[in-house]
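Read through the structure below, which is laid out as structure tokens, and then see the notes.
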């Protein structure tokens, strides 16, 4: 893979973003566009495939004398092209996309047939573009009728997406822009497939991936974090053709898994995305059946998952939940995911994971024991936590809570051992609609601060383990770094989160007590 050379201007980028969003809105306007993302994303993806295939046909035609001969040659030897498209226009001089564009009758059925034919010829695309039925109905009503589908196809047809028209990084950025626009209108479900780009950029820059490294995301959503790491590596590399990262991801929602695969391909990146629940059945295993380990691991798991039981931890056969850590309580699997990430790192591996703000402080300061605090203490005592970043509020599409990014390092430099670097970036944001965002200079400032362990008043501090222990293993940057002279109280989000976990633990204790009394016949 060649290093991405940014020849196009920012105007070109914005132009393509505007076109891609306008195409999405051609169905029923901006408000309803997110409802149709499962139809829109595969169609734009297929338009890119068609236009690139046309470019490859033209290249071969220049050598053999005509497009007609080129079509026959490629059909006989599929290895001449990356993806073989069995779409041959009646007039070989016409673009391949015209086969879809000229559908005039039973359009939904025709698009579905063409998508399935493409997938049949390309194993890498099976289950990705052929999973959507453009002719599907709900209670006898078409999910997307032929008129709207025709409008969408026509809108997509107005711009060519071939190799000479748009570079992989530009079409990739625009595709991610479309995913972000869908997230804005996606409500609670948006957090299942999208991480704010500035958060992903900070994570990828701080992890400093190097050419050829292996990278893993156990709950990869639309694949944005994996893409960010590849881009960060290329930007940091002095080599014109750096060895690409080896990208691995797993996603348990089938439509999102398909989205991740399309996102990777349209960015001109190659990765292996598996489908399934990483917590209960991680797919990436070593030959001996144990967890495969990686150089870098990133994740933004769903926060505070409560559907994993103590038995899920106790019955684990992959050594993910060590003695002293293990079950963090049923009310939140945040630290269960951190343990999965830790177990997926090789001996020199580093990780970054986005967690609910309360994961840094829940249980600290409470009387008695707390399971989540005990796991957090284990990570501190094992000297695995390198730094913690406290984010601004209202960045994420499924919550207004700020969130934190926890950075792990299995091989901390000697000068950083016994310490944790805390960054409170709660004030480094700008108001946006519908969400706040971290501006470019804020992203750079946060990343540079984390990479250099640079202490700065009201922003960052190096805290040794003894101080963390005195504070009952509260590792929230907001506990140690006040951003204004008047700030003397803990953030409300942390207090509410802690009350929630206390209530959940009380319910667990009540249920256990009732079970014991029932066994005693009382």
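Read the figures in this text as sums done on the coordinates, not as results from a lab. Keep in mind it's a predicted model, so treat the numbers as computed, not measured. Positions of Cβ are generated from backbone atoms using ideal geometry, with glycine treated the same way; all protein chains shown enter the neighbour counts.
Per-structure values
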| read-out | value |
| --- | --- |
| On Cα atoms only, tilt of 492-519 relative to the major axis of the chain in degrees | 70 degrees |
| Normalised convex hull volume, the chain, alpha-carbon set, Å³ per residue | 181 Å³ |
| 14 Å cut-off, amide nitrogen to a point 7 angstrom out along residue 30 Cα→Cβ, residues in the stretch 434-453 | 434-435 |
| The chain - share of DSSP beta bridges that are antiparallel (%, nearest 5) | 50 percent |
| Contact order relative to length of the stretch 11-183, as percent, for alpha carbon pairs under 8 angstrom and 6 or more apart | 33 percent |
| Span per principal axis, largest first, for the Cα atoms of the stretch 269-416 (Å) | 45, 38, 35 |
| The chain: calculated mean residue ellipticity at 222 nm from DSSP helix runs of at least 4, using -39500 (n - 2.57) | -13000 deg cm²/dmol |
| Proxy reagent accessibility, fewest Cβ within 10 Å first, across 412, 373 | 412, 373 |
| The chain, relative contact order in percent, only Cα pairs under 8 angstrom and at least six apart counted | 11 percent |
| Crossing angle, helix 107-121 versus the chain [Cα axis fit, 0-90 degrees, rounded to tens] | 80 degrees |
| Simple spin-label estimate for residue 117 and residue 240 in nanometres, 7 Å along Cα-Cβ | 4.2 nm |
| Ascending count of other beta-carbon atoms within 10 Å, so fewest first, for 484, 476 | 484, 476 |
| Principal-axis tilt of helix 254-266 within the chain, Cα atoms, nearest 10 degrees | 60 degrees |
| Rg and Dmax [Cα atoms of the stretch 11-183; Å; Rg one decimal, Dmax integer] | 16.2, 53 |
